[in-house]
Structure formats: structure tokens, C-alpha cells
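In what follows, a structure is listed as C-alpha cells, so that the remarks can point back to it.
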Amino acid sequence: MGTEAAGALLRGLAVAALPASYAVAFVQGWDVCGLKMLGLSCPFCGFSHAAVALVQGQVAEAHAYHPFVIPWLIVAVWLLTWSAVDVVHPRGASARWDPRKRIPPWIWGGLAVTMVGTWIWRMVG
């Protein structure tokens with residue numbers, strides 16, 4: 001396995017391990033957010049509950065917990081898919097289709113702005 005394929009595999013494992021570790025902590029009832037432990041809110045507050053509700057097929061409830069769980073899920077699936085393509089075809093199709101470059105910057109910017117806007121709205125409201 002080449003260096004690039006190994007890097008892609010590690011990225012894919014990291015993308016998969018983070019939600020898995022949060023799921024274990026969530027099921028155990030542990031707080032997973034450092035800001036929440038300090039008594040503060042963060043832009044991703046409610047995201048764990050939203051992800052669990054989404055996995056259970058409760059889309060409306062997931063949206064109520066956090067309105068951006070579905071767009072972030074789409075981005076995560078996109079990045080994970082192309083990381084897997086890197087592992088299978090290390091200089092093949094993914095060399096032309098770098099996932100970070102295939103998602104336009106305005107989408108990243110829009111997600112960031114709406115996340116911060118929602119965070120401010122929740123703190124004020």
C-alpha cells in the first residue's frame with residue numbers, strides 16, 4: 001500500500017471513528033462537548049441527539065434538535081466515499097475528483113455562516 005493510499009485509509013478511519021466514539025459516549029450518557037461541560041453552548045449543540053434521531057428514522061425530530069444535521073451528513077458521506085475511492089484506486093478517479101475541491105467553497109462558507117447564525121439565534125432566543 002502506497003503512502004497516499006495509507007493516508008487516505010487513515011482519513012477514512014478518522015472520519016468513521018469520530019462519530020462512533022461520540023455514539024458510544026452518547027449511549028453511555030456522557031457529555032461529549034467540552035463547551036457544554038463549561039456551561040456554554042456551541043454551534044453543534046444538539047447534533048448528537050439529531051444524529052441518533054436521524055439513524056432512528058425520525059427526520060423531523062432530528063431537524064428539531066439541530067437543523068443542519070442533514071447537510072453535514074451529506075458532506076460527511078461525500079468525503080467518506082471519496083476517501084474510500086482513494087483507498088481502492090489510489091491515483092485513479094479520485095486524483096481527478098478530490099472531494100474537498102468538488103464541494104464548492106460557497107457551500108463550505110454557507111454551512112459555516114448558517115451554523116454560526118443558528119448558534120447566535122439559539123443563544124439570544
Meets criteria (of a type outside the set (Gly, Ala, Ser) and at pLDDT below 75) for residue 24: yes
How many residues does the stretch 34-66 hold that are without any contact (Cβ under 8 Å) to a residue 60 or more places away in the chain, closer than 15 Å to residue 120 by Cα and surrounded by 16 or more Cβ atoms within 10 Å (Cβ to Cβ)? 2
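Conditions (1) within 26 Å of residue 119 (Cα to Cα); (2) in contact with a Phe, Trp or Tyr (Cβ under 9 Å, 6 or more places away or on another chain); (3) at pLDDT below 70, marked per residue:
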position: 4; (1), (2), (3): no, no, no
position: 17; (1), (2), (3): yes, no, no
position: 20; (1), (2), (3): yes, no, no
position: 33; (1), (2), (3): yes, yes, yes
position: 38; (1), (2), (3): yes, no, no
Please go through (1) touching a Lys or Arg at 6+ places or on another chain (Cβ under 7 Å); (2) at pLDDT below 70 for residue 89 and return the number of the only condition it doesn't satisfy. (1)
Within the set of pairs 6+ apart or on separate chains, which have a first residue in the stretch 95-121 that is modelled with pLDDT of 80 or more, a second that is polar (S, T, N, Q), and C-beta atoms under 9 Å apart? 119/41
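The values are calculated or read from the model by the stated rules, or taken from the named source; none is laboratory data. Computed from a prediction, not measured in an experiment: that's the story for all the values here. Don't worry about glycine lacking a Cβ; one is built from the backbone with ideal geometry, like all the others, and counts go over all protein chains shown.
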